[in-house]
Amino acid sequence: MIMTEIIAKKRDGHALSTEEIEFFIEGYTKGTFPDYQASALLMAIVIKGMTTAETHALTMAMLKSGDVMDLSSIHGIKADKHSTGGVGDKTSIALLPMIAANGVKMAKMSGRGLGFTGGTIDKLESFPGFSCEMSEKQFTDRVNNLGLAIASQTGQLVPADKKLYALRDVTGTVESIPLIVSSIMSKKLAAGADVIVLDVKCGSGAFMKTLDDARELAKEMVEVGKLAGRKTVACITEMSEPLGVAVGNALEIKEAIALLKGEVSGNLRELCLTLGACILTESGAFENHSLSRAALIKGIEDGSALTKLADMVEAQGGERESVYNTELLPKANTVLSVVSDMQGYISEINAGEVGMVSMQLGGGRATKESEIDLSVGIVLRKKVGDRLDKGEILAEIHAKNEEEAKKAAKALLSCYKLSATAPEKVLFIKEIIR
Ligand code: URA
């Protein structure tokens with residue numbers, strides 16, 4: 001087999017065989033082929049697409065490029081959750097303890113963020129002392145003993161994705177369903193859980209801008225998960241305005257804690273209950289969604305979900321007290337209220353642009369080497385559909401200093417669009433695909 005023939009075959013719109021796909025992944029991971037050949041094949045895949053069988057073969061070839069977690073020493077069903085990424089997405093931080101409080105084990109591998117805000121690991125490091133670095137044995141022990149753990153993904157898990165993703169990032173080849181599916185699913189399958197629940201975001205702040213594209217991505221991920229023998233469910237959810245009210249690392253942690261204290265309503269809570277019900281039902285812990293939802297709500301009301309979060313924080317080296325007293329989390333020097341000079345109904349808060357404001361405050365990484373400031377970010381006081389009058393506070397900026405806060409406030413105002421009448425309500429949980 002030679003690479004030029006494989007590239008030409010895909011360029012001409014033909015399906016590649018499993019052997020050809022394995023040849024490419026093995027060779028590229030080992031460094032046998034140069035980046036320019038891999039880039040050419042990736043672009044041909046972007047343009048010509050792949051069949052489900054090819055996407056499955058690509059996922060499995062990537063999975064085999066590195067280590068696979070062995071979770072067999074963990075008793076019972078192990079579940080994992082993945083989101084395709086959104087602004088203000090702190091779901092995992094609240095969801096994992098909600099599930100663990102109901103007896104299903106959450107063994108989660110997470111990454112750091114590049115772009116708008118930090119990833120789940122960056123956010124969790126807002127708890128003083130918290131660490132996601134641990135050996136495989138510590139990870140399985142913690143999941144066994146407490147019911148949950150979050151570990152940072154090691155480079156040994158799917159090294160093919162590490163190399164390919166870096167190349168896709170700089171060659172305009174990120175936006176491709178087979179490439180996204182194989183990238184996400186190879187990592188999820190390598191992480192070893194029995195049940196995988198996927199939150200596929202859809203809208204202006206997501207990879208997939210339309211419901212049709214999000215559905216195609218969700219279906220393909222579910223199919224590949226099932227072909228690999230895992231129970232896989234995908235929820236398609238709206239991501240046009242930021243999720244919840246906080247954008248920024250410690251601020252998002254505070255919001256997740258508030259949810260576990262029963263102080264949050266709206267889309268964020270709805271998302272946690274929906275994803276949570278999928279996990280508990282697929283795991284066989286409860287017979288159906290309504291029983292699973294009721295159990296999740298009970299875990300919030302009786303405080304057991306919050307206790308699970310505190311247990312996890314303590315086990316991973318963090319300050320347990322900071323779960324109960326959020327004054328101990330990183331705090332920005334300056335908090336500036338953004339006052340509205342407009343009036344009307346909020347029809348849009350552009351999630352991507354709000355994410356950029358947070359990044360410019362220091363809450364996200366522009367490059368892999370950038371240091372994140374965990375304390376900065378934005379708290380939205382008004383959301384889409386709310387009425388806004390001149391002189392009302394629409395958000396708070398948490399910044400290093402006044403100058404940066406003022407700059408961010410100006411940029412934030414341009415993320416809003418107003419209309420004279422209330423906008424039509426958009427369905428937040430769009431579809432569940434099994
Ligand atoms: N997230 C991933 O891990 N991979 C992609 O290709 C896109 C989003």
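The values are calculated or read from the model by the stated rules, or taken from the named source; none is laboratory data. A quick note: this is a predicted structure, and the numbers were derived from the prediction, not measured. Reconstructed Cβ throughout: ideal geometry from the backbone, glycine too, with neighbour counts over all protein chains shown. Each accessible area value is taken on the protein alone, full model and side chains, heavy atoms only, with ligands, DNA and RNA left out. Shrake-Rupley method; radii C 1.70, N 1.55, O 1.52, S 1.80 Å.
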ask   = Which ones in the stretch 271-290 are open to solvent by less than 60 Å² (accessible area, probe 1.4 Å) and among the acidic types (Asp, Glu)?
value = GLU282
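Would you check if GLU223 is in contact with a helix residue (DSSP H, G or I) (Cβ under 8 Å, 6 or more places away or on another chain), among the acidic types (Asp, Glu) and open to solvent by 10 Å² or more (accessible area, probe 1.4 Å)?
Details: in contact with a helix residue (DSSP H, G or I) (Cβ under 8 Å, 6 or more places away or on another chain): yes; among the acidic types (Asp, Glu): yes; open to solvent by 10 Å² or more (accessible area, probe 1.4 Å): yes.
Against the criterion (in contact with a helix residue (DSSP H, G or I) (Cβ under 8 Å, 6 or more places away or on another chain), among the acidic types (Asp, Glu) and open to solvent by 10 Å² or more (accessible area, probe 1.4 Å)), GLU223 qualifies.
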inquiry  = Being hydrophobic (A, V, I, L, M, F, W, C), surrounded by 24 or more Cβ atoms within 10 Å (Cβ to Cβ) and within 27 Å of LYS425 (Cα to Cα) is the filter here; which residues of the stretch 237-256 pass it?
reply    = MET239, LEU243, ALA246, VAL247, LEU251, ALA256
query = What is the one condition in (1) open to solvent by less than 40 Å² (accessible area, probe 1.4 Å); (2) within 16 Å of the ligand (Cβ to nearest atom) that VAL46 does not satisfy?
reply = (1)
inquiry  = I want to confirm something. Restricting to the stretch 151-162 and keeping residues that are outside any strand (DSSP E or B) and more than 9 Å from the ligand (Cβ to nearest atom), which single residue is farthest from THR120 (Cα to Cα)?
reply    = ALA160
ask   = If we only count helices (runs of 4 or more DSSP H) wholly inside the stretch 251-350, which ones have 2 or more residues that are closer than 28 Å to CYS202 by Cα?
value = 267-282, 289-301
message = Suppose the filter is of a type in the set (Gly, Ala, Ser) and either assigned by TED's automatic domain parsing to the domain that holds ALA206 or within 15 Å of the ligand (Cβ to nearest atom) (or both); does ALA100 pass it?
response = yes
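If you scan the stretch 369-398, which residues turn out to be open to solvent by less than 50 Å² (accessible area, probe 1.4 Å) and of a type in the set (D, E, K, R)?
Here is the first cut: in the stretch 369-398, the ones open to solvent by less than 50 Å² (accessible area, probe 1.4 Å) are 370, 372-380, 382-383, 385, 388, 394-398.
If the condition is that a residue be open to solvent by less than 50 Å² (accessible area, probe 1.4 Å) and of a type in the set (D, E, K, R), then ASP373, LYS382, LYS383, GLU396 are the ones that fit.
Please determine whether any residue of the stretch 359-368 is under 20 Å from the mean Cα position of the chain (by Cα), surrounded by fewer than 18 Cβ atoms within 10 Å (Cβ to Cβ), among the small types (Gly, Ala, Ser) and not in a helix (DSSP H, G or I).
Quick first cut of the stretch 359-368, residues under 20 Å from the mean Cα position of the chain (by Cα) only: 359, 362-368.
Now drop any that are not surrounded by fewer than 18 Cβ atoms within 10 Å (Cβ to Cβ), which leaves 366-368.
In the following step, the residues that additionally are among the small types (Gly, Ala, Ser) were identified as 366.
Keeping just the survivors that are not in a helix (DSSP H, G or I) gives 366.
Checked against the condition, which is being under 20 Å from the mean Cα position of the chain (by Cα), surrounded by fewer than 18 Cβ atoms within 10 Å (Cβ to Cβ), among the small types (Gly, Ala, Ser) and not in a helix (DSSP H, G or I), the stretch 359-368 yields at least one hit.
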note = MET109 meets each of (1) assigned by TED's automatic domain parsing to the domain that holds LEU268; (2) more than 16 Å from the ligand (Cβ to nearest atom); (3) hydrophobic (A, V, I, L, M, F, W, C) with one exception, condition (2)
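From ASP12, ASP70, which residue is away from the ligand (no atom under 16 Å from the Cβ), modelled with pLDDT under 95 and of a type in the set (Asp, Glu)? First the steps, then the outcome.
Details: ASP12 fails: modelled with pLDDT under 95.
Testing whether each residue is away from the ligand (no atom under 16 Å from the Cβ), modelled with pLDDT under 95 and of a type in the set (Asp, Glu) leaves just ASP70.
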remark   = Among residues of the stretch 163-188 being free of Cβ contacts under 8 Å to residues at least 12 places away in the same chain and in a helix (DSSP H, G or I), the residue farthest from the ligand (Cβ to nearest atom) is ALA166
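From the list SER126, SER83, pick out the single residue that is assigned by TED's automatic domain parsing to the domain that holds LYS254, buried (at least 24 other Cβ atoms within 10 Å of the Cβ) and of a type in the set (Ser, Thr, Tyr).
Numbers: SER83 fails: buried (at least 24 other Cβ atoms within 10 Å of the Cβ).
Testing whether each residue is assigned by TED's automatic domain parsing to the domain that holds LYS254, buried (at least 24 other Cβ atoms within 10 Å of the Cβ) and of a type in the set (Ser, Thr, Tyr) leaves just SER126.
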remark   = Going through (1) closer than 30 Å to ILE99 by Cβ; (2) open to solvent by 30 Å² or more (accessible area, probe 1.4 Å); (3) in contact with a helix residue (DSSP H, G or I) (Cβ under 6 Å, 6 or more places away or on another chain); (4) in a loop (DSSP other than H, G, I, E, B) one by one, ALA15 fails only at (1)
message = For ALA206, only one of the following conditions fails: (1) aliphatic (A, V, I, L, M); (2) within 13 Å of the ligand (Cβ to nearest atom); (3) surrounded by fewer than 24 Cβ atoms within 10 Å (Cβ to Cβ). What is its number?
response = (3)
key: Subset tally (residues that are over 24 Å from LYS90 (Cα atoms) and either among the aliphatic types (A, V, I, L, M) or part of a helix (DSSP H, G or I) (or both)) for the stretch 374-416   = 7
Test set (1) modelled with pLDDT under 95; (2) within 30 Å of LEU41 (Cβ to Cβ); (3) open to solvent by 30 Å² or more (accessible area, probe 1.4 Å) - SER135 fails condition number = (2)
remark   = From the option list LYS105, LYS64, single residue qualifying as touching a helix residue (DSSP H, G or I) at 6+ places or on another chain (Cβ under 9 Å), surrounded by fewer than 18 Cβ atoms within 10 Å (Cβ to Cβ) and not aliphatic (A, V, I, L, M) is LYS64
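Rundown of residues vs (1) farther than 21 Å from MET69 by Cα; (2) at pLDDT below 95, yes/no style:
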position: ALA190; (1), (2): no, no
position: LEU198; (1), (2): no, no
position: MET208; (1), (2): yes, yes
position: ALA218; (1), (2): yes, no
position: LEU251; (1), (2): yes, no
position: LYS254; (1), (2): yes, no
ask   = Is one or more of the residues making up the stretch 192-201 away from the ligand (no atom under 16 Å from the Cβ), open to solvent by less than 10 Å² (accessible area, probe 1.4 Å), more than 23 Å from LYS48 (Cα to Cα) and touching a Ser or Thr at 6+ places or on another chain (Cβ under 9 Å)?
value = yes
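Could we say that GLY299 is of a type outside the set (D, E, K, R), without any contact (Cβ under 8 Å) to a residue 60 or more places away in the chain and over 20 Å from LYS231 (Cα atoms) here? Lay out the reasoning, then the answer.
Working: of a type outside the set (D, E, K, R): yes; without any contact (Cβ under 8 Å) to a residue 60 or more places away in the chain: no; over 20 Å from LYS231 (Cα atoms): yes.
Answer is no for this residue.
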